[in-house]
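Let me begin by presenting the structure, written as C-alpha cells, before commenting on it.
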Amino acid sequence: MKLASLEDGPEGRLFVVSDDMGWRISAAEIAPTMSAAMADWDRCEPLLRGVAAFLNRGAQRFVRFEPAACESACRGTVAPGEAAEFSRGAAVMVGPVAKGASRTEAAAAVRLVMLQMDGPMGPARAPLAVTVDVLGEAWRDGRLTCAPTIEIDADLAASAPVVFDFAAAIQEAARDGGLAGGSVVSLSDLRPTKAAKLAEGEVVRYELRDALSRSTFGAVELRATVAAEAREVA
C-alpha cells in the first residue's frame, strides 16, 4: 500500500496512491491526515488497504496523482558554485514501542517506510510512504536492503547497495524510554556522495527502483539555484 500527504493545511490531506503511482483517492473518510491514521492504525490499516485494492483494480479512473502536490519535508536553498554532500537514507514511521522492546517487537512496530536523502538543506523525503510488503525481498527482519541511486545532472553518482537496520535502530531508540505511535526513525548511509561545485540549474535526484525499474517511493529532486527548493517528483 502506498500513501501520500497532499498539501492542504498544516498537516496535509491523506490519500491512497495506486501501485503504479498514476492515480490517487482521498482517505478522508478513514483518516484525514497521516498522523490521524498512525494514531488509530489498527482500525485504519485494513480500511486503507481496502481502498488501495479498489484503486488498483482500475475499475474507474480517479484523480491523477501529482507528486509535486505532496507535502514537502524540505524547503531551503543550495547555492550554485558550492560543494555539497548528499547521504542516501530512509526512514520509518512506527507504532507504539515499549521501553526495552526486543528486536522482534521493534521490527513489528514498523508501519510505513519512506525514502530520505540528507543534504545541506536537511532531510528531503520522497512523496510516498509505503507498507513493508511493497518492498518485497528488500525488507527482511526489520532491515531494508536496497540500492537507491543518486544522480547529479543525470550522471550516476551513487548506486552501491546499502543496508538500513531499522529494527536495531528502533530497539536502541526505545532502550531507555518507549516511542509514541507515529514516531519517525531515520538512518543514513555513512558514505556521503560529494558534489563538487554544483552549477546553476544542475539537478540532484534520489530514487529507489525495483527489479522492473519501477519507482517505489517516487523521487527527490533538488535543483541548484539561488532560490533552490527540494521538490517531490515521480
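Here, each number is a calculation from the coordinates, and none is a lab measurement. If you're wondering where the values come from, they're calculated on a predicted model, not measured in any experiment. Every residue, glycine as well, gets a Cβ built from its backbone with ideal geometry; the counts of neighbours run over all protein chains shown.
Per-structure values
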| read-out | value |
| --- | --- |
| Exposure proxy order (Cβ contacts within 10 Å, fewest to most) of Leu222, Leu212, Leu156 | Leu212, Leu156, Leu222 |
| Charge context of Leu55, other residues only, Cβ under 9 angstrom, K/R +1, D/E -1 | +1 |
| Percentage relative contact order, the stretch 2-69, counting C-alpha pairs under 8 Å, at least six apart | 32 percent |
| Ellipsoid semi-axes in whole angstrom, largest first, where each is sqrt(5λ) of the Cα gyration tensor of the stretch 127-234 | 28, 17, 14 |
| Per-residue [θ]222 nm for the chain (sum of -39500 (n - 2.57) over DSSP H runs n ≥ 4, rounded to 500) | -4500 deg cm²/dmol |
| Loop sites in the stretch 87-144: trypsin sites (Lys or Arg not before Pro), DSSP, at most 16 other Cβ within 10 Å | Lys99 |
| Computed E for Leu190/Ile25 - FRET, C-beta separation, R0 45 angstrom, nearest 0.05 | 0.70 |
| Extension reserve of the Leu47-Asp176 stretch, reckoned as 0.36 nm per residue once the Cα distance is removed | 43.0 nm |
| Estimated vicinal HN-Hα couplings, Hz - the stretch 198-211 in sequence order (Karplus 6.51, -1.76, 1.60; Gly, Pro = x) | 4, 7, 3, x, 5, 10, 9, 10, 10, 7, 10, 10, 7, 5 |
| Normalised per residue, the volume of the convex hull around the Cα set of the chain (Å³) | 124 Å³ |
| Estimated distance in nm for a label pair at Asp153 and Ser35, the labels positioned 7 Å out from Cα along Cα-to-Cβ | 4.1 nm |
| Nitroxide proxy distance, nm - points 7 Å out along Cα→Cβ at Ala211 and Thr225 | 4.0 nm |
| Which of Ile152, Ile30, Ile170 has the fewest Cβ neighbours within 10 Å, and the rest in rising order | Ile30, Ile152, Ile170 |
| R0 of 41 Å, Cβ-Cβ distance Val63-Glu85: FRET efficiency to nearest 0.05 | 0.60 |
